[in-house]
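Written below as C-alpha cells is the structure these notes are about.
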Amino acid sequence: AGIVGVGFDNNHAIGKSVRMPTVPVRKVLKDFEAPQTIDYLSLDVEGAEDLVLSSFPFDTHTVLVISIERPTKYAVDTLKNRGFLYLRSLPPFKLRADDEMWVHSSLPNVHNVLATLGNPEPEVREHWVKPA
C-alpha cells in the first residue's frame, strides 16, 4: 500500500492499483483544526517522506517529536534546518533500524531528554548507501 511512482518505495503497482486524490498536509491540518503545537508525528509514507516534509507548514505548526522512516539526506537536512535534534534510531523493524526519532529544540527539557534517551547521530546511514 502507498504511493506508486518513481522515487517512492513502491515504484510499480503489484495487483490492483487505484488512483486517489491527495491533499496537502497544510489543508489537512487546517480542515481538522490541528493545534499549532503537535506533540508527536509519525512520518511513514512509503518513500514519500521528502514530499511531505517539503510541503509541511513549519511556518504555522511545530512538531515536538517526530519519527521518520528511512530519512534521506534531504529529510535530515530539513529537520535540522527546522530546529530538530537527532534523538535515536528506533528499535529495528524487519531486522533494520532505519526509523529515527527527532525532537524539536523547543521541547520542554529537551537537553534532559537527549541526555537520557539520546544516541549519537550516525555519520552515515546504511540506507543511504546503495548495495553493490
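Quick rundown of the values:
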item: Aspartates and glutamates whose Cα lies under 15 Å from that of residue 73, excluding same-chain neighbours fewer than 8 positions away; result: 49, 50, 98, 99, 100, 121, 123, 126
item: Efficiency of FRET between residue 123 and residue 52 - r from beta-carbon atoms, R0 22 angstrom, step 0.05; result: 0.30
item: Selection of trypsin sites (Lys or Arg not before Pro), the range 14-102, meeting DSSP coil and at most 13 other Cβ within 10 Å; result: 16, 19, 94
item: Solvent-accessible ranking of 32, 58, 84, largest area first, probe 1.4 Å; result: 32, 58, 84
item: Long-range amide H partners of residue 85 with built H, under 5 Å; result: 103, 104, 105
item: Where the range 19-98 is the region considered: accessible area per residue in Å², 1.4 Å probe; result: 65
item: Positive minus negative residues near residue 59 (Lys, Arg vs Asp, Glu; Cβ under 11 Å); result: +2
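The values are calculated or read from the model by the stated rules, or taken from the named source; none is laboratory data. Since the structure is predicted, the reported quantities are computational estimates derived from the model, not experimental observations. Neighbour counts are summed over all protein chains in view; Cβ atoms, including those assigned to glycine, are modelled from backbone coordinates with ideal geometry. Surface areas here come from the heavy atoms of the whole protein model, side chains and all, with no ligands, DNA or RNA. Shrake-Rupley method; radii C 1.70, N 1.55, O 1.52, S 1.80 Å.
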